[in-house]
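A short worksheet on the structure shown next.
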Amino acid sequence: MLFFPLIFTVYWTIPHRYRWFLLLLSSYYFYMSWNPKYIVLILFTTAVSYTSALFLDWEAHEGRRRFILFLTLAVCLGVLFFYKYFNFFSLSFSSLASFFLPVHPVLLQLVLPVGISFYTFQTLSYVIDVYQGRIKAERHFGIYAAFIAFFPQLVAGPIERTQNLLPQIKNPHSFNRQKGIYGAKIMLWGYFKKMVIADLLADFVDGAFANVYGYSGFAWILVMFFFSLQIYCDFSGYSDIAIGTAKLLDIDLMTNFKSPYFSSSVKEFWSRWHISLSTWFRDYVYIPLGGNRCSKARQRFNLLATFLVSGLWHGANWTFVIWGGIHGIAQILENLFSQPLSWLRRRTWGKVLCGLSVCLFCGFAWIFFRAPAFSDVLYILTHSFDGFGHPLSYLMQGFAALGLYPLKILYLFGLIMILAMYDFLHKDRDILLEIPKKKKGLVWSLYLMLGLLVVFFSQKGVAAAFVYFQF
Amino acid sequence: MLMKRFLMTIALYTGILAFLTLGINAWYLAMDQSDDLWTDKFKDVPAHIQICNFGSSHGLYSFNYEDVCGEFTCFNFALASQSLSYDLRILQQYKDHLKEGCLVFIPVSYFSFFGIEETQEEEFLSKNRQYYDFLSPGQIKEYDFSTHVFKRFFPALDAYETLPTVLFFGKASGNEELWSKSALDMDVSADAALAFERHFIQEKLNPSGERIVNKEEVSALGQMILLCREIGAVPVLVTTPYLEEYLEEISANAPDFDEEFSAILSPILTETGTAYMDYSSDLHFTARKDLFMNADHLNKEGARQFTNLLLENYGNIQK
C-alpha cells in the first residue's frame, strides 16, 4: 500500500543522479518481498548479460563475437530451462523412452521464480541488439541492473526493449503533470479490469477447472467465455497498472494490449495482444528464421515454429505448445485464404462476422491454455454441447450450474459491457487522451464513476494473484 | 508547482470519492432493513437469561419461545451453519448474561461431530463473516481486520450485485416468511437427499470413504458443558426433530451411523452426567410436514410446539 507512494515521493525529491539507485533498490526490494533467495538469479542473469555485452562491444572478431553471443544465450536460457522446463522435458523424455525400456523421470523440487520468462527475454534482446550493433553496451552496471529489474514491469511485462527503457532510466526527468494524470487514469482503468472483472470471473473459472468433470453443457461455453475475459482483464490490467506507475515516474513503457477482441483476423489479434511479446518473437525468432523473405512453404514453417515456441514460453506443458500451434495454423490458413477473407473484411457485415469468428476461435484455443491436462481438454470439447437438443434448458442449466441467477447475470454482463464499450472506442485511438478534450464536469464524473465502480465492486477478501505471474 | 497541482488534483479526486463512498454507504444502511443472517438479535442480548439455546440452523429454527417469553427471559443463540466450537465461543462471550440456574439447550445434530476442521472448509470464509457482526475479535476464527471493517461499518462495499436494487428499492427482512413455510409445498424426498449430501458426504469423509471425527467439535461440546456448570447454568443436550424422509435417507445410505454417533456422544454424557433428549424420530413430528419448513428444519409453528413439548418433558424429568 505504501510502497509506491514512498518511491514516488523519494524519486521526485532526490537529485537525478541518485534515481537509478532508488529504482534499483526498490525493484530488488519489490522482487525479494516475494522470495528473497531468487534475487540471486536476477543478479546472475544481469551480470552475465552485462559482461558479455561489454565483450561484444569490445571484440571485433566475428567468430569470437558469435561464440560470446551463443554462450550468453545458452547461460541465460539455461537458467530459464532449469527452473521452468527441466521437469517438463524430463517427464516427456521418460514417457517417450518408456516405449522401449522402463525409465524413471528425474524431477526437481523447484519453485518457479516469478517473472523469470519476462526478465530473461529482456536480457536476451539486449545482448542480441548489442551483437547486431543496434545499440552500444551500457557501461554503468547499476543503471543496466535497474533497466532489467525495473519494478513496474519486472514480474509480468511489458517486455521492454533497451532502446526504449534504458535511455529513460539514464536521462534526467522533470515531473510532467499531464503524464502523471494520464498515468493515474490508466492505473485506475487497470484496477477496474483486474479487481472488478478478472477477480470476479476467476471465481467461476477456477471453480469449474477445479472440478472439470462436474460441469457439462452450456456451463463450459460460459466458463470459456469468462476465461477469455478473465485472462485479458487480468493481464492487460497488470500492464495498465505497470504503464501508469511508470508514467508517474515520467517513464514511458510500451503499449501491451490494444482491444484484442475487436480484431478481424488472428494476425490482427496478435498485433493487439501481448504486443511486447509478439513483437519480441517477431524480431528475435521469426525474422532470424527467414521471416517473409523466403519461399511460401518456409514462411509457413517459420510462422508455425514461432508460435510453437511462443506456446512453450507460456508454460511447460504440451497443452501450451498446442495452444501456440493452433494460433500458428490459424494464421497459415488466413494467409492461404487471404483473398476471400480480405473481400469479406471490406464489408461491414463481413468484418463483424470475422470479428466474431476470431473471438470464438480464441475462446476455443484458450481451453488448451487453461486446462490442466489434455484429458480435460477432450472432456470439455466433447461435453460442451451436452443437452443442446433442448436449447432453453441447455442455457438455463448452464447458468444454474455456475450459480448465476438473473440479477447476477445482469451485474456481470453490465460490467462486461463497460469493458466492451471502452475497448471499442479505444481500438483505433487512445480514449484516455480523447476524454480530457470533453467538458471538465463530464470528465470528472466519468472518472468518479469509474472510481466508485472499483471501490464498490472490486472483490474484497480475495488475494487473487495475477495469472501471468506464473509465466 | 506542477507537482503541487498534480497532488492537489489527486487529493481532490480522492476526497470526493471518499465522500461519495460514505454517502452511498449511509444510504445503503438506511435502505437495508433485512437480517438475512439473523444476527440483529445480538444487538440486544437480554440480561438474566433463564432459558436459552445454541446450535446451527437446527437450533435456530427449532426453538420458538413465544409461549413462554412472558414468564421467562429466553434467548436463541443459534445461527445457520454454526459449529459447536462457535457455540462455545458465543457462550464464553455472553456467559454473564445467563442467570444462575439458566437452562441451556445445546443441539447436537448428526453432523455436529464429523467432518474436516471448520477453517479448512471451502465455505468457511463466507460463513465466518456473520460473527463479525457481534463477536469480539478474539472470539472470531481466522480474524481479519479488513473483513471486520467492511462487514460492520461498510456493508455497501460488500453488497456487489445487490447494491443498486437495495439503494433504489430497499430490502426488507424475509426471515419470518422463510420460517413460516411448510414442507407440504415442496419435494421433501429431494430435499432430504440434498441434506444428506451436505450433512454426511461433503467434507465429512476421508479419501478412503470413512467418516472423519472432528476432535475440535467433540472437545468443544465437553468444554461447553463444563463452562455451563462453572457459571451455574444447566446444560441439556438435544437432537431436534427430523422428517421421516430424512431419517430414511440416513438409514438407507448410512446404516451404521447411529452406532458411530452414539460412540462419540455416550462417553460425554456418562463423564459429565448431562441430560440428553433425542427428538430426532419423535412421533409428534416425524410425519407432520405441516410443522416443517423442509426435511430437517421445523417451521415457526413446529418450533413453538417443539419448544413447549421440550420444556414440559424436561420439567417432568426434573420431577
Can you tell me which of (1) more than 29 Å from B:LEU247 (Cβ to Cβ); (2) modelled with pLDDT under 85 is the one B:PHE153 doesn't meet?
(2)
Need pairs with beta-carbon distance below 6 Å; first residue within 11 Å of another protein chain (Cβ to nearest Cβ) and within the stretch B:150-173, second β-branched (Val, Ile, Thr) and assigned to a helix (DSSP H, G or I); sequence gap 6+ or separate chains.
B:ALA156/B:ILE24
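Could you list all residues from the stretch A:432-459 that are of a type in the set (Gly, Ala, Ser) and more than 10 Å from every other protein chain (Cβ to nearest Cβ)?
A:GLY441, A:SER445
Any chance the stretch B:243-265 includes a residue that's under 27 Å from B:ILE49 (Cβ atoms), in a helix (DSSP H, G or I) and out of contact with any strand residue (DSSP E or B) (no Cβ under 6 Å at 6 or more places or on another chain)? Show your work before the answer.
Looking only at the stretch B:243-265, we keep the residues that are under 27 Å from B:ILE49 (Cβ atoms), and these are B:265.
Among the residues that remain, those that are also in a helix (DSSP H, G or I) are: B:265.
With out of contact with any strand residue (DSSP E or B) (no Cβ under 6 Å at 6 or more places or on another chain) added as a condition, the list becomes B:265.
Within the stretch B:243-265, one or more residues are under 27 Å from B:ILE49 (Cβ atoms), in a helix (DSSP H, G or I) and out of contact with any strand residue (DSSP E or B) (no Cβ under 6 Å at 6 or more places or on another chain).
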Quick test of your reading of the structure: B:TYR132 fulfils all but one of (1) more than 14 Å from every other protein chain (Cβ to nearest Cβ); (2) under 18 Å from the mean Cα position of the chain (by Cα). Name the failing condition by number.
(1)
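Going by the structure shown, is A:PHE385 away from chain B (no Cβ under 14 Å) and surrounded by 14 or more Cβ atoms within 10 Å (Cβ to Cβ)? Even if it seems obvious, please write down each step before you answer.
Details: away from chain B (no Cβ under 14 Å): yes; surrounded by 14 or more Cβ atoms within 10 Å (Cβ to Cβ): yes.
Spelling it out, A:PHE385 is indeed away from chain B (no Cβ under 14 Å) and surrounded by 14 or more Cβ atoms within 10 Å (Cβ to Cβ).
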Restricting attention to the stretch A:288-299, does a residue exist that is buried (at least 18 other Cβ atoms within 10 Å of the Cβ) and either in contact with a Lys or Arg (Cβ under 7 Å, 6 or more places away or on another chain) or polar (S, T, N, Q) (or both)?
yes
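Taking the stretch B:7-58 only, how many residues are in a helix (DSSP H, G or I) and either among the charged types (D, E, K, R) or under 14 Å from the mean Cα position of the chain (by Cα) (or both)?
The initial filter retains those residues of the stretch B:7-58 that are in a helix (DSSP H, G or I), namely B:7-31, B:40-44, B:57-58.
Still in the list and also either among the charged types (D, E, K, R) or under 14 Å from the mean Cα position of the chain (by Cα) (or both): B:40-44, B:57-58.
Total satisfying the criteria: 7.
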Does the stretch B:119-128 hold any residues that are touching a residue at least 24 places away in the same chain (Cβ under 8 Å) and surrounded by 15 or more Cβ atoms within 10 Å (Cβ to Cβ), and which are they?
B:GLU121, B:LYS127
Hey, can you tell me all the residues within the stretch B:178-188 that are surrounded by 14 or more Cβ atoms within 10 Å (Cβ to Cβ) and out of contact with any Lys or Arg (no Cβ under 8 Å at 6 or more places or on another chain)?
B:LEU178, B:LYS181, B:MET186
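Can you name every one of the helices (runs of 4 or more DSSP H) wholly within the stretch A:159-268 that holds 1 or more residues which are within 14 Å of another protein chain (Cβ to nearest Cβ) and surrounded by 22 or more Cβ atoms within 10 Å (Cβ to Cβ)?
Details: elements: A:162-170, A:177-191, A:199-210, A:218-248.
It comes to A:177-191, A:199-210, A:218-248.
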Tell me whether the stretch B:173-181 contains one or more residues that are at pLDDT 85 or above and either small (Gly, Ala, Ser) or part of a loop (DSSP other than H, G, I, E, B) (or both).
yes
List the helices (runs of 4 or more DSSP H) inside the stretch A:388-440, counting only whole elements, that have at least 1 residues being modelled with pLDDT of 90 or more, under 27 Å from the mean Cα position of the chain (by Cα) and over 20 Å from A:LEU188 (Cβ atoms).
A:406-426
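The values are calculated or read from the model by the stated rules, or taken from the named source; none is laboratory data. Please read these numbers as outputs of a predicted model, since none were measured by experiment. Because the Cβ atoms are built from the backbone with ideal geometry, glycine has one as well, and the counts that use them run over all protein chains shown.
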